[in-house]
Structures are given as structure tokens and as C-alpha cells.
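The values are calculated or read from the model by the stated rules, or taken from the named source; none is laboratory data. A quick note: this is a predicted structure, and the numbers were derived from the prediction, not measured. All Cβ positions, glycine included, derive from the backbone under ideal geometry; neighbour counts span all protein chains shown.
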Amino acid sequence: MNPLLLLAFLLCLLPCFSSKDTITFDESLVDGQVRVSSGEKFSLGFFSPGVSSNRYLGIWFTQVSIQTVVWVANRDNPINDTSGVLSFDRSGRNLVLWCCSGTNTTTSTTLWSTKIRGKSMARLLDTGNLVILLQQEPEVWWQSFDHPTDTVLASMKLGLDRETGINRIIRSWKSPDDPATGDTSYYLDPNGSPQLMLYKGQTKKWRSGMWNDDNESTVVWGVTDPTIIFRIYTHPSGNVRRATWNGQRGEWFESFYMPKDPCDYYGQCGPNGNCDPNRDAGEFVCSCIPGFEPKILADWSMNDGSSGCVRKRSRNSSCGRDGEGFVKLENAKVPDSMTGRLNKGMYLDMCRQECLKNCSCTAYASSDLASGIGCVTLYGDLLDTRVFADGGQDLYVRVDAIEDIFIATANFSLDNKLGQGGFGSVYKGRLLDGREIAVKRLSRTSRQGTEEFKNEVQLVSKLQHNNLARLFGCCIHGEEKMLVYEYLPNKSLDFFIFDKIEGTGLDWKTRFNIIIGTARGLLYLHQDSRLKIIHRDLKASNVLLDATMNPKISDFGMARMFEHDQMEANTNRVVGTYGYMAPEYAMEGMYSMKSDVYSFGVMTLEIVSGRRSNHYNQESSSLGLIDLSWDMWKEGKALDVMDSSTIASESYFKDQVMRCIQIGLLCIQESPKDRPTMSNVVFMLVNATSVLPSPKKPAFISKRKFVDPDSAAAAAGPTVPSINNVSITDLEAR
């Protein structure tokens, strides 16, 4: 008889259960016998799964009433009877599972074995790990944890050991009755930045996101309470599950499985798509990553985003130029990093620069959120991106400057619209660094063309003053022209002074400070800046208010630069806003610093009175603002001009109000030489004891009847300027 068969026969005469947790080089484990770990948590022996009669060597939970196998040695080599034997080979070096078929067979078949050296012993640990130790040394030479089947246990590693080359992958059973290698696999992919991957055959089903380790690309699960029995395993249906044993109910409770929600499925929204499961019920979960648009719009309209997204325009022409930047996508799962590059010693700001230098780099992210050191740069299409309600991390997607503005304003959504005028619209936005901005988007039909656009950029970019709106930048792309200003939360001045409700909150002290601040801003333009600037369109709607109601002059599209010794200029194209234009400019096209002084005077009277200078009822005999102010001044009743809401709400400084009305009238004198300079205006405003000259009768431009220059009536009389359709006439905060 074969010696091995004789040994198996003799071993079968021993008791069928042993509490020993070891198998020495001169011992064997036969079908019917069991080895149990020292804490009686796991058992090693032969079993038949489900309704199958085949026999397998495996490890299972001892204290779980439903036999749950966590490791199988011969999963693809079943034994069709009870002749299986586990023992060391004759050299005592390798653990071997062997059997024979039939009682008359004199040869044995090796079904599974280890490959080590030296006389050894095998021990089943309370972790469920079967280890082989050299008898004279405590070092582990082989362990079942390095060769898993479908299950991961506590303290067990999944992934690649870069030093030994061992890659621990779990693969599902084919079915509950067959532990043979199935087609669902779960492992840590070491390419790029390591990430857990779930496959069904050759198809990616789910991935975790980035992982970070030095010598090993591994993940280890654990429990805080050692009495908890749990396992993570791959299911033949194509998912990975985590189950915890409920001893009282005698069943497994599956607390986690992936894929779960629609956005868990790999590539749900195609290349460069972003999946958001937190949208309202019935709303499509897919959208495009910032800077991209649907590739096949018809598919997306049918709620099918699998075709993905493409860039709104090719970046090849602008790659590396100034203006490119990154849009931050928060709470994101970083895209598949198989083609990514990992740099563990690079800070995030360095990562940004590294990505900008490579035209193929499409995004970057931190690879270690805990330390803040380390980055991964991504190339080509961004695959399998999603966002979470909580968690995730920041993903920085490369975009052109214009795409950046689209994102900052939520694609110029109506919710972000602040106002509209003949030039186009103004939108609120937020940049990556958190700054709030106001984007002035010129309409393609606007009469403010490229010349005015360039003029505003060139002038404002060189001006820095507390009472001038700050320009952050501009963008020109095809027919698109945009100016990016600082966002001023308290809207424009006209929103307050011409609204009876809002005007009640504008006390005299605030009004006076606005008058002084605007005067100082205009003085800077005329005298104190490196350039000598004539604004040509100063009015209440072009004075913006910051959070502290500090005024800032804006809208320099009509502004003109003078030489410092230049006094006036002439234009054939009269632009501005009716009611604010000086008579010499409106009638003859002559403009100078005194033209701005006239506009300031009109605006000062508007701030005091709460009345519009260019609002008239031609059917009524009521006086316009300039007429009224002059008549009340002559009669010694100038205080009657003051806004009644201000009078009703508080006491005020009568002398200060009178001084402002007088200065306003001085500024709107018909002859430019009779008007003060802005330096004189500021001096008169801040020096309450200075003696003011008496104003002359102003130019009553307000009484001139408006005639449409395109009408037949225009041919019968002198031409008057049209209302400037470039001016902002209805503007909220920006």
C-alpha cells in the first residue's frame, strides 16, 4: 500500500476533532478532523459548500452558526470524496493538500501546496490566518492572508507589497455551491495613485478613490471591539460587501456594499462627467465637469450621460498662456488616477504649477489630506468623478480664463444676475480664492464696442483709489467681452436715493460721506492719478457702495485720458446720460474736467433731494430738480429741497445741507469757467467755515424738450443728445 494512504488510514482511527491549532511536520489533517485556533474563533478543516458533495480544505468562523468559509485552499481543484489529507511533505518543508481517487488507487494527487524551506509547523491563528513557521524561528514563512480567496478579515491586508511582489486580491466564488474562482474581483490597483477597484470580469464596476502608502499599496480593515465578527467579501453578483454577525438573531447583517447609489457605478456619467446623487428626486444625476459640455446633447436630454463631455473649446491654442487657471470642485471623488502621476513630496501650490507647465495635465488634487503634502496630477479625460454630500476632497480642474468666469457665475445664471443696461448685464460670481466679483458682460448688440471695452481696461487697470471700483481683470473670447470687478454688496447709489423705502435707511451723515467720497474719487481722476481722466458719464447709478457704504466710481467705458496740460477736447459722438451732461458737451461736443464737475453737481442735488434730475412729466407743470433747487435757493427755502424721508427720520446739520446745495448749484453753472474745480469742491465740503461764492442762474437743461434724433421732428429743430444706452440704469449689488 502507498505509504501516504497508510498514514491517512491510521490518522482516521484518531478522534475526528482536535482542539490543537497546529500541524507539525510529522502530523496530518484528514477529512473529518478540524484544527481550531487557540481562542476558538476560527476552524480549519474539510467542508462541502451548499448542496455540493465536493470537498474542500478551508477556514471558517467557529462561533458562527451558519458555516461561513473565509478561505479555501483548493477552490479550483475539488475533491470528489473524503480522501483529502493536509500534511507536510517528506522533507517537512511544504504543506501539501493531496488525495487519491478510489480505494484501489496507489498514487496520490497534489491539489495545493506551499513553497518554503526548512522543517516547519502550521498554526491557525485567532485572526483566521493560517501561518507556517520554522520550528526554530518565530518568523512567518508563509500565511494564508497573502493568498486570500473571496474574503478580507480584520488585520488582513489587501493590495500590493512592493518589496515581496505579493499582490493580495480577493475573487468571488462562482456560486454559493461552488468556491471556484468567480469573475468578481476586488483589489488595490497600484498604478498612478493607488485606489481600490472592483471588477466584474473585465468591466470596472466601482473604485474607491486615491490611496497613499510608501512601501506598500495596501489597505487594512479593523474593529475597535475584538468581539465583533465581520468580513468583507466579493459576491458573485458583482459587488463587494461588508457583513457583521448578529449572534442573537443568528444571521449576517450586511452594513455596507458597493456599488450602491447610481453614482457608485464606474463611469456613470462618461468621460469628463460629474455624478451628483444629492440632486432633487427625479433630477438627472449627471452634469459636466466645469469647463466641459455634453458630447452628445441628444443623449443627455434622455438622461443618458454615458457619452460624457468634451471641452467647450480646444485649449491647444491657449495652453500655457496667461489666464489659464483651475476651478475647484469640492467634496469630490478624485477621477481615476491610473494615468496620473504621484509626487509625495510636493505641496499643493507646487502641484498647481507643475500641472500648468504640462499642456496634457487636466487636473490635480492632494494625495494626502492629513499632511497636506503630496499631489497627484491627472492627464487626459477625467473618468469616474462624483461628488458627496459630505467628505470627498477638492479637485482642481484646468480651465481657460473665460471658462473660469462661467463657473464663477454658475454659467451666468439668472440667480446671479445683478442688473442690466444697454451695454449688457452684470452678474455676481465667486473666484477660487473666495473673492466675490461682479462680471460686466457686454451684449453683442451693445453700442459699447471693442474700443470702449479696451478703453475701460486700459484706464481702470492703472487707477487705484479707495473711491474707484477696482478692476480684477478682463476676458475677450470671440465676440465675448467681459470685465471682472470687485463685488460691492450695497448696490449702486441710485438704488437708495431714488427709492422711498430704501431711502429711509440712508441718513444724512451717510449721504454726506457719499458726496465727499465721490468728490475725492473724481479729484483723483482729474488731478492726483498718473493719468488725467475725464469720466464723461458720472451719475448715481455709476457710483457703487461697498459694505460700509463707501462710494466707488465705476463704468469707465466713456472715459477719456487728457494730457496734464490739456484743458478740453471735442467729439463728434456725444455720449452720456441725459440730465447729467453739461450744456457745452450736450450741445457742442466740448468736454473737459468741468464737464465732470457739472455731472457731480447734478448728482449732489440728487443725493440731497432724493429726486432724479432727468425724470420729468411733460404734461405737468412741476419743476425739474435743477429748476426747483434754484428757485428754492433764491427764495431762501433751500432746505425744502431735502429728501423728506431724511427729515422725518432724524435731525440733520442744516448748515451742512445748505452748503451741499450751494456747492451743487455752483457746479452746474452754465459757463464752465464759473464752475469750481474738484480740488475746490473737496476743500469747500470739508471746511465748514470757508466762505462760498453765490451761484449764478444755472443752465436749465432740464427744461429743454427731448426730441428723438431719429424722428421727423428732429429735422425741424436743433439736435439734442440721445440717452446713452451704455449706461447702467437698473442695477442691483455688484
Of the numbered conditions (1) on the phi < 0 side of the Ramachandran plot; (2) touching a strand residue (DSSP E or B) at 6+ places or on another chain (Cβ under 7 Å); (3) at pLDDT below 95, residue 164 satisfies every one except a single condition; which is it? (2)
State the number of residues belonging to the stretch 160-177 that are surrounded by 15 or more Cβ atoms within 10 Å (Cβ to Cβ) and of a type in the set (Ser, Thr, Tyr). 1
Residues satisfying the stated conditions in the stretch 333-381, i.e. of a type in the set (Lys, Arg) and assigned to a strand (DSSP E or B): 333, 341, 344
Somewhere in the stretch 492-506, is a residue in contact with a Leu (Cβ under 7 Å, 6 or more places away or on another chain) and either on the phi > 0 side of the Ramachandran plot or not in a helix (DSSP H, G or I) (or both)? yes
Kindly provide the set of residues from the stretch 130-144 that are buried (at least 21 other Cβ atoms within 10 Å of the Cβ) and either touching a Pro at 6+ places or on another chain (Cβ under 9 Å) or without any contact (Cβ under 8 Å) to a residue 60 or more places away in the chain (or both), ordered by number. 132
Please work out if residue 506 is buried (at least 20 other Cβ atoms within 10 Å of the Cβ), in the same structural domain as residue 676 (by TED's automatic domain parsing) and either farther than 24 Å from residue 655 by Cβ or in contact with a Lys or Arg (Cβ under 7 Å, 6 or more places away or on another chain) (or both). no
So which residues in the stretch 45-77 are crowded, with 20+ Cβ neighbours inside 10 Å, touching a residue at least 24 places away in the same chain (Cβ under 8 Å) and more than 19 Å from residue 170 (Cβ to Cβ)? 46, 55
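Quick check: is even one residue across the stretch 588-597 of a type outside the set (Asp, Glu), modelled with pLDDT of 95 or more, assigned to a helix (DSSP H, G or I) and in the same structural domain as residue 518 (by TED's automatic domain parsing)?
yes
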Within the stretch 27-49, which residues are out of contact with any strand residue (DSSP E or B) (no Cβ under 8 Å at 6 or more places or on another chain) and over 21 Å from residue 95 (Cβ atoms)? 39, 40
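Filter the stretch 395-434 down to the residues that are acidic (Asp, Glu) and modelled with pLDDT under 80, then identify the one that is surrounded by the most Cβ atoms within 10 Å (Cβ to Cβ).
404
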Just to be sure I understand, how many residues within the stretch 219-264 are surrounded by 16 or more Cβ atoms within 10 Å (Cβ to Cβ) and basic (Lys, Arg)? 3
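Suppose we filter 289, 296 for residues that are closer than 28 Å to residue 379 by Cβ and surrounded by fewer than 19 Cβ atoms within 10 Å (Cβ to Cβ); which single one remains?
296
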Checking 538, 525 in turn, the sole residue that is of a type outside the set (Ser, Thr, Tyr), at pLDDT 90 or above, closer than 21 Å to residue 581 by Cα and part of a loop (DSSP other than H, G, I, E, B) turns out to be 538
Starting from residues that are buried (at least 16 other Cβ atoms within 10 Å of the Cβ) and of a type in the set (Gly, Ala, Ser), keep the ones in the stretch 451-503 and report whichever is farthest from residue 558 (Cα to Cα). 503
With the condition kept exactly as written, say whether any residue in the stretch 278-286 is modelled with pLDDT under 95, outside any strand (DSSP E or B), basic (Lys, Arg) and buried (at least 18 other Cβ atoms within 10 Å of the Cβ). no
Taking only pairs six or more apart or across chains, which ones have beta-carbon atoms under 6 Å, a first residue in the stretch 294-307 that is polar (S, T, N, Q), and a second residue that is not in a loop (DSSP other than H, G, I, E, B)? 307/299
Does residue 140 satisfy the condition of being closer than 16 Å to residue 95 by Cβ, at pLDDT 90 or above, among the aliphatic types (A, V, I, L, M) and in the same structural domain as residue 240 (by TED's automatic domain parsing)? no
Of all residues in the stretch 288-311, how many are among the hydroxyl-bearing types (Ser, Thr, Tyr) and at pLDDT below 90? 1
Can you tell me which residue is modelled with the lowest pLDDT among those in the stretch 478-522 that are among the charged types (D, E, K, R) and in contact with a helix residue (DSSP H, G or I) (Cβ under 8 Å, 6 or more places away or on another chain)? 480
Give the stretch 381-394 a look and list any residue that's exposed (fewer than 15 other Cβ atoms within 10 Å of the Cβ) and more than 17 Å from the chain's Cα centre (by Cα), or say none. none
May I ask you to list the residues in the stretch 1-39 that are of a type in the set (Asp, Glu) and at pLDDT below 95? 21, 26, 27
Somewhere in the stretch 312-332, is a residue in contact with a strand residue (DSSP E or B) (Cβ under 8 Å, 6 or more places away or on another chain), at pLDDT 90 or above and not in a strand (DSSP E or B)? no
Within the stretch 517-548, the residues that are among the hydrophobic types (A, V, I, L, M, F, W, C) and surrounded by fewer than 17 Cβ atoms within 10 Å (Cβ to Cβ) are 531, 547
